[in-house]
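Enquirer: The following block contains the structure, expressed as structure tokens.
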Amino acid sequence: MAGKQEVSKTRTWWDGVKAEWHKIIWPTREDLVKKTGTVAAVSVILGVIIAILDFLIQNGIDWLLGLF
């Protein structure tokens, strides 16, 4: 008896998974390319900003240590 109940629960769960899968709205190729380009551009810009800040902070610390 317990085996049938487990199969029923599994089937119900799997039917729910399939129903939710059909609700997914997949992005178009154009959207995907735009969003990928945006992520890449923002990553490069943030990388440059972090590199500049790192350079300035390091030089500032070196200058401060040079005063002593």
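Enquirer: On a full-extension model of 0.36 nm per residue, what is the gain between I50 and K9, subtracting their alpha-carbon distance, rounded to one decimal in nm?
Expert: 9.6 nm
Enquirer: May I pose another question? Under a Cβ-only charge scheme (Lys and Arg +1, Asp and Glu -1), can you give me the dipole magnitude of the chain about the Cα centre, in debye to the nearest 20?
Expert: 580 debye
Enquirer: In addition: Given W63, V42, S8, which one lies farthest toward the positive end of the charge dipole of the chain, if we put +1 on the Cβ of every Lys and Arg and -1 on the Cβ of every Asp and Glu?
Expert: My answer, from the dipole projection, is S8.
Enquirer: Also: Can you tell me which lysines have their Cα less than 19 Å from the Cα of K9? Leave out same-chain residues fewer than eight positions away.
Expert: Qualifying lysines at Cα under 19 Å: K18.
Enquirer: Starting from the coordinates of the alpha-carbon atoms of the chain, obtain the Kirkwood hydrodynamic radius over all distinct pairs and give the value in Å to one decimal. Please report the intermediate quantities before stating the final value.
Expert: Details: mean 1/r = 0.0565 Å⁻¹.
Radius from the Kirkwood sum: 17.7 Å.
Just so you know, all these numbers are worked out from the coordinates, no wet-lab data involved. Being a predicted model, the structure only gives us computed values, none of them experimental. Glycine also receives a Cβ, built like all others from the backbone with ideal geometry; neighbour counts cover every protein chain displayed.
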